[in-house]
1. Using label points projected 7 Å from each Cα along Cα→Cβ, tell me how many nm separate residue 182 and residue 210, to one decimal.
2. Let me check I've understood the local charge: for residue 63, count other residues with C-beta under 13 angstrom from its C-beta, Lys and Arg +1, Asp and Glu -1. What total comes out?
3. Residue by residue, what Karplus-based ³J(HN,Hα) values in Hz, rounded to whole numbers, does the range 148-158 have, using 6.51, -1.76 and 1.60 with θ = phi - 60° and x for Gly and Pro?
4. Suppose R0 equals 30 Å; then what is the FRET efficiency for residue 49 and residue 108 from their Cβ-Cβ distance, rounded to the nearest 0.05?
5. Nearest-5 percent of antiparallel DSSP beta bridges in the range 157-294?
6. Using mean Cβ contacts within 10 Å as the protection proxy, how do 35-47, 231-243, 52-64, 16-28 order, highest first?
7. Would you compute the Debye intensity of the range 157-294 from its alpha-carbon atoms alone, equal scatterers and no solvent, and pass along log10 I(q)/I(0) at q = 0.10, 0.12 Å⁻¹ to two decimals?
8. Tell me, how many Å apart are the Cα centres for the range 264-284 and for the range 180-203?
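Each value in this text was obtained by applying a stated rule to the coordinates, not by laboratory testing. All values reported here derive from a predicted model rather than from experimental measurement. Note: ideal-geometry Cβ built from the backbone for every residue, glycine included; neighbour counts use all protein chains shown.
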Amino acid sequence: MKKILFFNPGIATLNLGDQIIAESAKYELYSIFNNDFILNVSTHSPLSFYQIYTYRGFKTKIVLGSNLLKSTVLGFKRQWDITILKSFFIKPVILLGVGWWQYNNKPNFYTRILLKNILSKNKIHGVRDEFTKKMLNKIGIKNVINTGCPTLWQLTTEKCKRIPKSKADKVIFTLTDYNKNLANDKKIIDILVENYSKVYFWPQGSGDLEYFHSICSNENVVILKPSLESFDDFLSNNDSDYVGTRLHAGIRALQYERRTIIISIDNRANEMNKSHNIPIISRENIENLKSMIFCDFETKIELDENSIKEWKSQFGVKK
């Protein structure tokens, strides 16, 4: 029996989108490692040297997606709490659907040394989009392919065909507490309230509800519980559109075959649109949201099946 370690962004997180990513990644991986011992550890919490010593027998270590890479890994905001010293004991690590945090310059010296040290040189790394692939290529890490985020892997042509083309009567929306635009975010709510018979709000992040209350006092907006179970239950039982700034809430809605408009606020949605054609509209062009809501459109997620198969095949999965 092999010992498999998953670096899981869905543990100890203030963003339920990380749980959506981790759950999708585990769904794909459990079929590969179904007879192995699997341990999940948080990417957000620093590993103690006792933990590192305990995990020394785990030969396969995989990072389960999320926005973990950046050009400066040191500092207050670490997407993946790792250091060069600890990387010597943890390596080698394999990436699955991992993305780059914002549009950054070329990684600094410390980051280049850390990533080149901790990332496997013999296995293929799967990244979320072409931008992330290019950033790794710039520092000499060439064993990288664009597999897309594992949240997209189940969005096959057949599944996308079942997603409605036309507007629903209900809508569920999200906001993003750490990337605010008071004027445009308020416009989003106003447009939805004016054009849907029932409007629901799901707080994906720990500060989203407080932000919502700061810009909206409309009593007709129904607020869901801040849990993934609550969101899934709604999507399962309501014929509804999704509109919002939370990327992975939108992808979750697509997984449940709900018509989706993701409002792009950073590089993540932009790059996933370029690579995989997820349905987006820029928040800077929010005046076009109403016309997109009333316009019939097909959802056509573009997956590179060969890259996905290539990444899986390195673990003995047949192409």
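1. It is 1.6 nm.
2. On the way: positive: 26, 61, 91, 123, 128; negative: 18, 81.
Overall, the nearby charge balance is +3.
3. Going residue by residue, I get x, 5, x, 5, 8, 5, 8, 8, 6, 4, 5 Hz, with x marking Gly and Pro.
4. FRET efficiency, residue 49 to residue 108: 0.75.
5. Values: 0 of 18 bridges.
Around 0 percent antiparallel, to the nearest 5.
6. Working: 35-47: 15.2, 231-243: 18.5, 52-64: 16.7, 16-28: 22.7.
The packing order, highest mean first, is 16-28, 231-243, 52-64, 35-47.
7. Scattering profile of the range 157-294, log10 relative to I(0): -0.28, -0.41.
8. A separation of 19 Å, based on Cα centres.
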